[in-house]
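Heads up: the structure comes next, in structure tokens.
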Amino acid sequence: MLKQSDFDKTDEVSRVKVLSEALPYIQKFANRTIVVKYGGAAMKESHLKQQVIRDIVLLSCVGIRPVVVHGGGPEINTWLGKMGIEPQFKNGLRVTDAATMDVVEMVLVGRVNKEIVALINQAGGSAVGLCGKDSNLIVARPQTEQEIGFVGEVNSVNTKLVESLVDSGYIPVVSSVAADDSGQAYNINADTAAGEIAAALGAEKLILMTDTAGILEDYHKPETLIAKLDIQEARSLIEKGIVAGGMIPKVNCCVRSLAQGVRAAHIIDGRTPHALLQEIFTDAGIGTMLVASEFLS
């Protein structure tokens, strides 16, 4: 027989308090689309993976419309090794010859995508796996960079299928493989794919899950995290060299999505437990939020 004294009252009160504080955000974002680019440590480490999946399902349960876009670099490298193919990179982009493209498509579309779908379904959600080829969701064009093979850019986005799925209560899970007008498959950067899909959907938010805290004024000091900035400030940080290296394409991706109508873009640390919920449902958030103008919230 359980007695009331058996329960930790402090824990119960704090849990209810968190739920109460989340209410305004749940109301604000109900029926709004949030595009989540899922990757990094949160995709590799099993305990983080389970938390992210549960958070995505929770978003769906409270009336938010999540769309998940993913890459899968580490698993691609593992399978290239099994096939005896040496991974090659040029200026941070994977050199993708025909043999590598076959492996990329097999891993992203056939393995990583279906694993995420299965995990969401196991957690009580209803996920459907897609890639850019499905219903011409993403039509690709070759990257302008020379000698990198079948690495593509987004030429156009057709969101009709994704919107139909979301309207029916499903969580679309999109891998960043697409084809051009001739049917040639291309590997597209998952951040870029997420940003373009968010823009085409008119999403409330684009959230990039990374392995950094967000944009830091001094990348050696986590306490210098910039909580919020607008497009002009973001471009200035790139010009000053404060935003550098691998963060530049992420910030540019956010800026591009904001310029096309996404209301807010977030760069968050996927290594933080329940990072998604902390960023969406709390005043403080945990990462960097970018908005089109300083006057917009």
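The values are calculated or read from the model by the stated rules, or taken from the named source; none is laboratory data. Keep in mind that this is a model prediction, so the values were computed, not measured. Cβ coordinates were reconstructed from backbone atoms using ideal geometry, including for glycine residues, and neighbour counts include every protein chain displayed. Note: areas computed on protein heavy atoms with side chains; ligands, DNA, RNA excluded. Shrake-Rupley method; radii C 1.70, N 1.55, O 1.52, S 1.80 Å.
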The range 109-159, residues that are free of Cβ contacts under 8 Å to residues at least 12 places away in the same chain and of a type in the set (Ser, Thr, Tyr): Thr144
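So if I check each of Val174, Val162, Val166, which one is assigned to a strand (DSSP E or B), β-branched (Val, Ile, Thr), more than 30 Å from Ile242 (Cβ to Cβ) and at pLDDT 95 or above? Break it down into steps so the answer makes sense when it comes.
Working: Val162 fails: assigned to a strand (DSSP E or B); Val166 fails: assigned to a strand (DSSP E or B).
After ruling out the rest, the residue left standing is Val174.
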Looking only at the range 192-235, and only at residues there that are in contact (Cβ under 8 Å) with a residue 40 or more places away in the chain and basic (Lys, Arg), the one that is surrounded by the fewest Cβ atoms within 10 Å (Cβ to Cβ): Lys228
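Being modelled with pLDDT under 95 and buried (at least 16 other Cβ atoms within 10 Å of the Cβ) narrows it down to one residue among Val151, Val128; which is it? Outline the logic, then answer.
Values: Val128 fails: modelled with pLDDT under 95.
From the options Val151, Val128, the qualifying one is Val151.
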Tally of residues being open to solvent by 50 Å² or more (accessible area, probe 1.4 Å) and among the acidic types (Asp, Glu) across the range 165-183: 2
Glu86, sole failed condition from (1) over 22 Å from the mean Cα position of the chain (by Cα); (2) at pLDDT 90 or above; (3) open to solvent by 80 Å² or more (accessible area, probe 1.4 Å): (2)
Candidate set: the range 29-51, residues that are open to solvent by less than 10 Å² (accessible area, probe 1.4 Å) and among the hydrophobic types (A, V, I, L, M, F, W, C); chosen: the one farthest from the chain's Cα centre (by Cα): Phe29
Residue satisfying all of: in the range 27-47; at pLDDT below 90 and of a type in the set (A, V, I, L, M, F, W, C); nearest to Val117 (Cα to Cα) among these: Met43
